[in-house]
Amino acid sequence: MAFAPPARRGDFLFSSVLYADPGNNNRHPRASVAELAALLRPEAPNLYTEGYNPTVSSPAKDPPWHFYSAQLIHYGLPVTKDKNVAKVRLLTAMNQFKLEIPAWILKLEGELKKEWETENRKMKKSGRTGANTPEKPSKDKAKASNSTSKGVNVTANREVNLLLSSGLQMAEQSGSTPGKPILSKRKRKDSDAYPKAAQAEKPSTPTKRVKKEPATKQATPRVKHEHAISPYGTSSPYSPPKQRYDSSPSHMGRNRNTSNGRDQASLLSGTYSIDCAVASDMFQDCDLDLTLASDSSRNIWWAIFRWGAWDGIMQMRPGPAGMGQPCSLGWRLRDLETNQLKFGKRCTGTITFFENQTVTGQLHDVPGAGTVDFDGARLPGPAVHDDLQHEWDAFVTEAYGR
C-alpha cells in the first residue's frame, strides 16, 4: 500500500507531520522549545518541561546547520544557512520567551495536512479496487500458520507487513532522495525530531556553548505572537510600545545638532519595531520588525525582515551618508506561501535614518502590493555587524539552479 507524496508549499511540506526544508532536500520536523533549550543552553536548568523541575540538562549532540535553519523556518524567524547565526537567533527568541509558532504557519500546516490526507485517501481507495483477488495461500503456508497460532487473521498480518515497508514506497512515489526515513508514514510528535538531551550520547569533545546575547525584552526580531494577531489589523496589548518619529522642524534641528560625530553603525544598527499598513492588512500581522546590520569593511548596509509571508533582504550600497538623508536600496523577496522569488533592477526603494533612531522607507514594485511604505523605531539592544552577501546571492543561485 503506497502513500501520497508530501504536500508542499514553499519551504514547508507535510507528510504525517509538518517539515521545513532550508535547502538541498534537508527536511526536518519542528523541534519543541524544550529540545532547543537542551541544545542551545545545556548548562541552564530545564524550565520548559512539565512541572518546571530545576534539573540541569546533559549536553546533546550538536545537529548540522540545516536543522537549525529548519527551526528558524518553523518558528517564523529570519532564515540563514550560517549555523552560528541561526543558533543566536533561536537563543535570543528563547531568552525572551517569544519562541512561538506564527498563526499563518499553523494555518498553512492545516491546509497542507488536509491536502495530503485527501490525496492519501484517493490512493488508498484506488489500491483497494485493484486488490479484489487475494493470493491463494499454499498448503504448506496454511499448515505452518495453523500449527503456530490457530485463528490468526492472515489478511491483517499482510497489512502490517505492508505498513512496515510503506516508508520506502512513499520515498519512491515522491521522488525524494533515498535513504532519508524522515518522510515515513510513522506518526511522530514534534518532540521526536531529535532525542532529548538526557537520552543523547555525550560527544567526545565538549559541546561548544553559544555565547548568550543580553536578554533585552524587546530586541527579539521576527517572532510572531499568535495571541497578538487580530483580523482588524490592530496590535495586541502585549505588543511592545512603538516610538513615533516627530517630523517637526524643531525636532529635526535638535537631531542634527546632537550628532557630534557619533558612529552611525553603533547608533543605527540593530532591531527595529516596524509599522507597515500594507503587510499588516495582507497577513493580519502587526508584530513586524527589521534587523539592520552594517558591514564596515565594504561600506555596505543590510536589512533583513519577515513581514507575514514576505521573507526579504535589503542592500544599501553605499550606506547612509548622513542623518535625515534618503539612501537608495535594492531588495530581494521570497513569498513563503507561493515560494515565488522576486529580484531584479526594478526592485528598488529608499530608506532614511534619523538621529533619534527612527526610520522611514519605501519598497517599490512589491508583488501584489506595489509601493510599500513603512516606518519604525529602534528597540534597545546591541549593534549588529554582519556580512549577508551570501544570503543576497542565494536568491539568484536558487532561481537559476532549479
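If you check L292 against the conditions, is it within 17 Å of L336 (Cα to Cα) and not polar (S, T, N, Q)? In short, no. The set of residues from the range 355-396 being part of a strand (DSSP E or B) and closer than 13 Å to L290 by Cα comprises T358, V359, T360, G361, F374, D375, G376, A377, R378. Checked against the criterion of being touching a Lys or Arg at 6+ places or on another chain (Cβ under 8 Å), modelled with pLDDT under 80 and loosely packed, with under 15 Cβ neighbours inside 10 Å, the range 37-60 contains one or more residues that satisfy it. Within the range 28-36, the presence of at least one residue that is outside any helix (DSSP H, G or I), of a type in the set (A, V, I, L, M), modelled with pLDDT of 85 or more and closer than 24 Å to G308 by Cα is confirmed.
Among the residues of the range 65-97, which ones are surrounded by fewer than 19 Cβ atoms within 10 Å (Cβ to Cβ) and part of a loop (DSSP other than H, G, I, E, B)? Scanning the range 65-97 gives K81, D82, Q96, F97. Would you check if there is a residue in the range 328-350 being polar (S, T, N, Q), surrounded by 14 or more Cβ atoms within 10 Å (Cβ to Cβ), modelled with pLDDT of 90 or more and on the phi < 0 side of the Ramachandran plot? Yes, some residue in the range 328-350 is polar (S, T, N, Q), surrounded by 14 or more Cβ atoms within 10 Å (Cβ to Cβ), modelled with pLDDT of 90 or more and on the phi < 0 side of the Ramachandran plot. Condition (residue is among the β-branched types (V, I, T), touching a residue at least 12 places away in the same chain (Cβ under 8 Å), within 21 Å of A265 (Cβ to Cβ) and out of contact with any Cys (no Cβ under 7 Å at 6 or more places or on another chain)) applied to the range 380-395: is it met by at least one residue? Yes - at least one qualifying residue is present in the range 380-395. Of all the residues in the range 15-26, those that are buried (at least 21 other Cβ atoms within 10 Å of the Cβ) and modelled with pLDDT under 90 number 2.
The values are calculated or read from the model by the stated rules, or taken from the named source; none is laboratory data. Since the structure is predicted, the reported quantities are computational estimates derived from the model, not experimental observations. Cβ atoms come from the backbone with ideal geometry, glycine included; neighbour counts cover every protein chain shown.
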